[in-house]
Amino acid sequence: GAGVSQSPSNKVTEKGKDVELRCDPISGHTALYWYRQRLGQGLEFLIYFQGNSAPDKSGLPSDRFSAERTGESVSTLTIQRTQQEDSAVYLCASSLGQGGNQPQHFGDGTRLSIL
Amino acid sequence: AQSVAQPEDQVNVAEGNPLTVKCTYSVSGNPYLFWYVQYPNRGLQFLLKYITGDNLVKGSYGFEAEFNKSQTSFHLKKPSALVSDSALYFCAVSPVGAGNMLTFGGGTRLMVKP
């Protein structure tokens, strides 16, 4: 597809379970970002991958959150031992190159609900 | 650290009237500035960006934004609003030379009434 693809689109799970969210960026985009959007709020930056450089993890809220990306392809965001406050929409974006002037292109997100 | 303020949680405008969605920013050095729109249950869509040059930037769907360095503002405007413009709008800033990191404002909900 032409856009950023995220799966699943919705995920409902019980407190304490682990979840894995997937992002497939636009082909050729070297930069990939994960954000969290709580209900009615703006975007919180979580983590940023640029090519083969070490990721910027400065936005991850706790050590229960981790993310991986192989090369310039798919990324997975993992949340271990989920808590109710993890309920949110998790958005992935990708962009060309490393310049800050490149717009980010977003997927439709994964809506995560923790029961 | 950079920051973005969108002072209005919601803007209401009648269809056919001009609209303005306000954004001010704080950043060290020169900024790259962006506007995104979010429709229900969708991700953010890029509308327009200011990189350098002309202070008036034109983007998608008839939107434009004016960069004002002295007022550190980047207000989004459209001469004639459509009901279909109703959505959530986000302003974002990235400092020049700081890589791709974007800082987003809290969003403004635009309601266009027939």
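The values are calculated or read from the model by the stated rules, or taken from the named source; none is laboratory data. Just so you know, these numbers come straight off a predicted model, no measurement behind them. Reconstructed Cβ throughout: ideal geometry from the backbone, glycine too, with neighbour counts over all protein chains shown. These area figures cover heavy atoms from the full protein model, side chains too; ligands, DNA and RNA do not enter into them. Shrake-Rupley method; radii C 1.70, N 1.55, O 1.52, S 1.80 Å.
Okay, residues lined up against (1) among the hydrophobic types (A, V, I, L, M, F, W, C); (2) away from every other protein chain (no Cβ under 14 Å); (3) without any contact (Cβ under 8 Å) to a residue 12 or more places away in the chain; (4) open to solvent by less than 80 Å² (accessible area, probe 1.4 Å):
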{"site": "A:Lys17", "(1), (2), (3), (4)": "no, yes, no, no"}
{"site": "A:Ala31", "(1), (2), (3), (4)": "yes, no, no, yes"}
{"site": "A:Arg36", "(1), (2), (3), (4)": "no, no, no, yes"}
{"site": "A:Leu43", "(1), (2), (3), (4)": "yes, no, no, yes"}
{"site": "A:Arg64", "(1), (2), (3), (4)": "no, yes, no, yes"}
{"site": "A:Thr76", "(1), (2), (3), (4)": "no, yes, no, yes"}
{"site": "A:Ala88", "(1), (2), (3), (4)": "yes, no, no, yes"}
{"site": "A:Ser94", "(1), (2), (3), (4)": "no, no, no, yes"}
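Within segment B:25-41, residues that are within 11 Å of chain A (Cβ to nearest Cβ) sit with their Cβ atoms under 9 Å from residues that are open to solvent by less than 10 Å² (accessible area, probe 1.4 Å) and acidic (Asp, Glu), at 6+ positions apart or across chains, in these pairs: B:Val37/B:Asp85.
With within 30 Å of A:Ala88 (Cβ to Cβ) and more than 11 Å from the chain's Cα centre (by Cα) as the only criterion, which of B:Gly16, B:Gly43, B:Gly107, B:Gly53 stands out?
Working: B:Gly16 fails: within 30 Å of A:Ala88 (Cβ to Cβ); B:Gly107 fails: more than 11 Å from the chain's Cα centre (by Cα); B:Gly53 fails: within 30 Å of A:Ala88 (Cβ to Cβ).
Matching residue, one of B:Gly16, B:Gly43, B:Gly107, B:Gly53: B:Gly43.
Inside segment A:19-29, residues that are open to solvent by 20 Å² or more (accessible area, probe 1.4 Å) and either within 11 Å of chain B (Cβ to nearest Cβ) or β-branched (Val, Ile, Thr) (or both) make up a count of 1.
Here the condition is being open to solvent by less than 40 Å² (accessible area, probe 1.4 Å), within 14 Å of chain A (Cβ to nearest Cβ), at positive phi and modelled with pLDDT of 90 or more; of B:Gly99, B:Gly59, B:Gly107, it holds for B:Gly107 alone. Within segment B:62-74, how many residues turn out to be surrounded by 18 or more Cβ atoms within 10 Å (Cβ to Cβ) and assigned to a strand (DSSP E or B)? Of the residues in segment B:62-74, 3 are surrounded by 18 or more Cβ atoms within 10 Å (Cβ to Cβ) and assigned to a strand (DSSP E or B). Every condition in (1) among the β-branched types (Val, Ile, Thr); (2) within 11 Å of chain A (Cβ to nearest Cβ); (3) on the phi > 0 side of the Ramachandran plot is met by B:Ile51 except one, and the failing one is (3). Scanning segment B:75-96 for residues that are open to solvent by less than 50 Å² (accessible area, probe 1.4 Å) and assigned to a strand (DSSP E or B) turns up B:His75, B:Leu76, B:Lys78, B:Ala87, B:Leu88, B:Tyr89, B:Phe90, B:Cys91, B:Ala92, B:Val93, B:Ser94, B:Pro95. Does segment B:4-20 contain at least one residue that is within 14 Å of chain A (Cβ to nearest Cβ), in contact with a Gly (Cβ under 8 Å, 6 or more places away or on another chain) and crowded, with 16+ Cβ neighbours inside 10 Å? So far as segment B:4-20 goes, yes, one or more of its residues are within 14 Å of chain A (Cβ to nearest Cβ), in contact with a Gly (Cβ under 8 Å, 6 or more places away or on another chain) and crowded, with 16+ Cβ neighbours inside 10 Å. Residues of segment A:31-52 include at least one that is within 25 Å of B:Val27 (Cα to Cα), within 11 Å of the chain's Cα centre (by Cα) and of a type in the set (Lys, Arg).
Taking segment B:26-61 as the range and being in a helix (DSSP H, G or I) and touching a helix residue (DSSP H, G or I) at 6+ places or on another chain (Cβ under 9 Å) as the test, only B:Tyr61 passes.
With A:Gly3, A:Gly59 as the choices, which residue is within 14 Å of the chain's Cα centre (by Cα) and within 14 Å of chain B (Cβ to nearest Cβ)? Walk me through how you get there before you give the answer.
Details: A:Gly3 fails: within 14 Å of the chain's Cα centre (by Cα).
Of A:Gly3, A:Gly59, the one residue that is within 14 Å of the chain's Cα centre (by Cα) and within 14 Å of chain B (Cβ to nearest Cβ) is A:Gly59.
Quick one: A:Gly99 ticks every box in (1) under 24 Å from B:Ala87 (Cβ atoms); (2) surrounded by 14 or more Cβ atoms within 10 Å (Cβ to Cβ); (3) at pLDDT below 95 except a single one, so which number is it? Among (1) under 24 Å from B:Ala87 (Cβ atoms); (2) surrounded by 14 or more Cβ atoms within 10 Å (Cβ to Cβ); (3) at pLDDT below 95, A:Gly99 violates only (1).
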